[in-house]
1. Please determine whether any residue of the stretch 44-62 is assigned to a loop (DSSP other than H, G, I, E, B) and in contact with a Phe, Trp or Tyr (Cβ under 7 Å, 6 or more places away or on another chain).
2. Please identify the pairs in which a residue from the stretch 5-23 that is under 30 Å from VAL34 (Cα atoms) and of a type in the set (A, V, I, L, M) has its Cβ atom under 6 Å from the Cβ atom of a residue that is at pLDDT 85 or above and in a loop (DSSP other than H, G, I, E, B), counting only partners at least 6 apart or on another chain.
3. Those residues that are assigned to a helix (DSSP H, G or I) and either touching a helix residue (DSSP H, G or I) at 6+ places or on another chain (Cβ under 7 Å) or surrounded by 18 or more Cβ atoms within 10 Å (Cβ to Cβ) (or both), I need them from the stretch 66-79; list them, please.
4. All but one of (1) surrounded by fewer than 16 Cβ atoms within 10 Å (Cβ to Cβ); (2) modelled with pLDDT under 90; (3) closer than 12 Å to HIS18 by Cα hold for LEU58; which doesn't?
5. On the given criteria, is ALA82 in contact with a Phe, Trp or Tyr (Cβ under 6 Å, 6 or more places away or on another chain), assigned to a helix (DSSP H, G or I) and surrounded by fewer than 16 Cβ atoms within 10 Å (Cβ to Cβ)?
Amino acid sequence: MGKTFPEELVPGSVTLEHIFPKSPQAYWKQELGVDPQLLEQTDRLGNMCLLPEVNRALGNKPWSDKREQFTRSRLRMTNTLAQYETWGRPEIEQRQGYMAELASAAWRFQ
């Protein structure tokens, strides 16, 4: 198990980031041209991550900028986003499946 950082679990010290933004601009509008239904994926758990408050400015930045920030995250679930070369529907679905597996393992009834 990796090192923990308790301050990141304090309410208000992290924000919930929509990786594909709810109001896409510039770069993300190009992604919508490839997959017009991508906007429907924004509220899926696989499209969200936790970030320190200081990273709120990432909102509409291109995937490459967001990915760079994710590599620096101390939160393992956020840091693993850096493994994706692109961000779209297949990546959201893959990550959501991964998160579902983690949840079922963590919340197993005995």
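The values are calculated or read from the model by the stated rules, or taken from the named source; none is laboratory data. Note that the structure is predicted; figures quoted are calculated from it, not measured. Using ideal geometry, Cβ is built from the backbone for each residue, glycine included, and neighbour counts are taken over all protein chains shown.
1. Of all residues in the stretch 44-62, those assigned to a loop (DSSP other than H, G, I, E, B) come to 44, 59-62.
Of the ones still in play, those that are also in contact with a Phe, Trp or Tyr (Cβ under 7 Å, 6 or more places away or on another chain) are 60, 62.
Yes, the stretch 44-62 contains at least one residue that is assigned to a loop (DSSP other than H, G, I, E, B) and in contact with a Phe, Trp or Tyr (Cβ under 7 Å, 6 or more places away or on another chain).
2. Final answer for the pair search is ILE19/TRP87.
3. Result: LYS66, ARG67, GLN69, PHE70, THR71, THR78, ASN79.
4. It fails just one condition, (1).
5. On the way: in contact with a Phe, Trp or Tyr (Cβ under 6 Å, 6 or more places away or on another chain): yes; assigned to a helix (DSSP H, G or I): yes; surrounded by fewer than 16 Cβ atoms within 10 Å (Cβ to Cβ): yes.
Spelling it out, ALA82 is indeed in contact with a Phe, Trp or Tyr (Cβ under 6 Å, 6 or more places away or on another chain), assigned to a helix (DSSP H, G or I) and surrounded by fewer than 16 Cβ atoms within 10 Å (Cβ to Cβ).
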